[in-house]
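First comes the structure, then the notes that go with it.
The values are calculated or read from the model by the stated rules, or taken from the named source; none is laboratory data. On a predicted model such as this, the values are computed, not experimentally measured, just so you know. Note that each Cβ is placed from the backbone with ideal geometry, even for glycine, and that neighbours are counted across all protein chains shown.
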Amino acid sequence: MSNMPLKMARPISLSQEELRLLFEYEADSGLLRWRARDRSLFASDSRCRGWNARFAGAIAGTKKQSAGKQYIQVGVDGRVYPCHRLIWILLHGSIDEALVIDHLNGVGTDNRLANLRLVTHSDNQRNQALRVTNRSGVIGVYWCRKTMKWTGQITANGKHRCIGYYSSIDDAAKARKALEVELGYHQLHGVPGPLKAVAV
């Protein structure tokens, strides 16, 4: 892991009160919808009517691809914000800009509150889906040609630890999972994306 400082999220200047005037949050779906805007926010009656006819009640935001995952971003007054961070402020009042929001099931567009948790970057890395490029089917486990055994590694505090060498992939997977539990990895870490999506 790099020793370079992590980039903090861009501060969100919108308050909980301002967000409540702009959006309605649907708890069941995790969607934000635009609220109707007051006439005082527009230069004319026609602009107010036009905006409300087009946007009031509509789903807010568009999908954006980032680091291989899709997220929803929302534009407000010329600035673009991650939807999940707006939702956190809307529901909790504030957000620590040094922390990240982890989508528990690995689906960045699933902004139901049950799927969101505020964590450190390190904790977020302990809830990764199994990559589609993984050959063994078990995160952190691979076949070692040199020893002709199953082995792997796990990261703790920026340092890689070998999980040992095993004759069967099942034994290697059990060793890896035991270390995950010991190191406080999330229970959904290493689960394939589609399975994580239905777990939360």
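Kindly establish whether ILE101 is touching a His at 6+ places or on another chain (Cβ under 7 Å), in a strand (DSSP E or B) and within 18 Å of ASN115 (Cβ to Cβ). Yes; evaluated as a whole, the condition is true for this residue. Within the stretch 43-88, can you find the residues that are in contact with a helix residue (DSSP H, G or I) (Cβ under 6 Å, 6 or more places away or on another chain) and over 20 Å from THR109 (Cβ atoms)? Residue satisfying the conditions is CYS48 alone. If you go through the stretch 140-162 and keep only what is at pLDDT 90 or above, of a type in the set (Lys, Arg) and assigned to a strand (DSSP E or B), you end up with LYS149, ARG161. Please count how many residues of the stretch 144-167 are of a type outside the set (S, T, N, Q), out of contact with any Cys (no Cβ under 8 Å at 6 or more places or on another chain) and over 21 Å from ASP123 (Cβ atoms). Residues in the stretch 144-167 being of a type outside the set (S, T, N, Q), out of contact with any Cys (no Cβ under 8 Å at 6 or more places or on another chain) and over 21 Å from ASP123 (Cβ atoms): 8 in total. Considering only the stretch 35-51, state which residues are hydrophobic (A, V, I, L, M, F, W, C) and either touching a Ser or Thr at 6+ places or on another chain (Cβ under 8 Å) or loosely packed, with under 10 Cβ neighbours inside 10 Å (or both). Hit for the stretch 35-51 is ALA43, nothing else. Entry remark, the stretch 163-200: residues being assigned to a helix (DSSP H, G or I) and either over 30 Å from LEU113 (Cβ atoms) or at pLDDT 90 or above (or both) number 14 in total.
Within the stretch 52-88, the set of residues being assigned to a helix (DSSP H, G or I), more than 15 Å from the chain's Cα centre (by Cα) and buried (at least 16 other Cβ atoms within 10 Å of the Cβ) comprises just one member, ASN52.
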